[in-house]
Amino acid sequence: MDDVRIAVGKGAAYDLYLTRALQHASLVRAATSAAAIELFVESQLDAAAGVRQPLAAYAASNPGYRVLPGRFTAIEQCMAIPKTQASDAVTRYVEDFLARMKREGLVKRALSESGQDETQAAD
């Protein structure tokens, strides 16, 4: 079905993934991920791709839409350091920083504030 049109936020991780993976559909890019939902609705596109929570919130408020089960990709977030900087002290600092941000709730707050499910934060 080469005429399927899918709304995405330009430059989002799923835009990049779908650009490489799709063979029989086209992406229609909005300036932001939030704008992709508006573009999807206003342009009567076939689908919108994005983070589940904003799509689910839209579908919950608009009964003519539904969110499909499952996911087409998942991105694990992490930090890296150059091998030349990988001393025990640097490694401990980065590990301690990440643990502190999780412990103090920064990661969960950031997820929540961006409309994502805070339970996705790694412990």
> Would you say LEU98 is under 15 Å from the mean Cα position of the chain (by Cα) and not in a loop (DSSP other than H, G, I, E, B)?
Replying inline: no
> How many residues, within segment 1-26, are under 23 Å from PRO69 (Cβ atoms) and outside any helix (DSSP H, G or I)?
Replying inline: 12
> Conditions: (1) in contact with a helix residue (DSSP H, G or I) (Cβ under 9 Å, 6 or more places away or on another chain); (2) surrounded by 11 or more Cβ atoms within 10 Å (Cβ to Cβ); (3) at pLDDT 90 or above; (4) not aromatic (Phe, Trp, Tyr). ALA60 meets all but one. Number of the miss?
Replying inline: (1)
> surrounded by 11 or more Cβ atoms within 10 Å (Cβ to Cβ), free of Cβ contacts under 8 Å to residues at least 12 places away in the same chain and in the same structural domain as VAL107 (by TED's automatic domain parsing): does that describe GLU38?
Replying inline: no
> Quick one: how many residues across segment 69-113 are under 18 Å from ALA13 (Cβ atoms) and without any contact (Cβ under 8 Å) to a residue 24 or more places away in the chain?
Replying inline: 11
> Restricting the search to segment 27-53, which residues are closer than 16 Å to ALA13 by Cα and part of a strand (DSSP E or B)?
Replying inline: LEU27, VAL28, ARG29, ALA30, ALA48
>> When the residues of segment 49-82 are narrowed to those that are charged (D, E, K, R) and not assigned by TED's automatic domain parsing to the domain that holds SER33, which ends up farthest from LEU16 (Cα to Cα)?
In response: ARG66
> When residues of segment 1-29 are filtered for being over 21 Å from ILE75 (Cα atoms) and either in contact with a Leu (Cβ under 7 Å, 6 or more places away or on another chain) or touching a residue at least 60 places away in the same chain (Cβ under 8 Å) (or both), how many remain?
Replying inline: 2
> When you look at LEU27, is it within 14 Å of the chain's Cα centre (by Cα) and buried (at least 16 other Cβ atoms within 10 Å of the Cβ), yes or no?
Replying inline: no
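The values are calculated or read from the model by the stated rules, or taken from the named source; none is laboratory data. Keep in mind it's a predicted model, so treat the numbers as computed, not measured. Cβ: placed from backbone, ideal geometry, glycine included. Neighbour counts: every protein chain shown.
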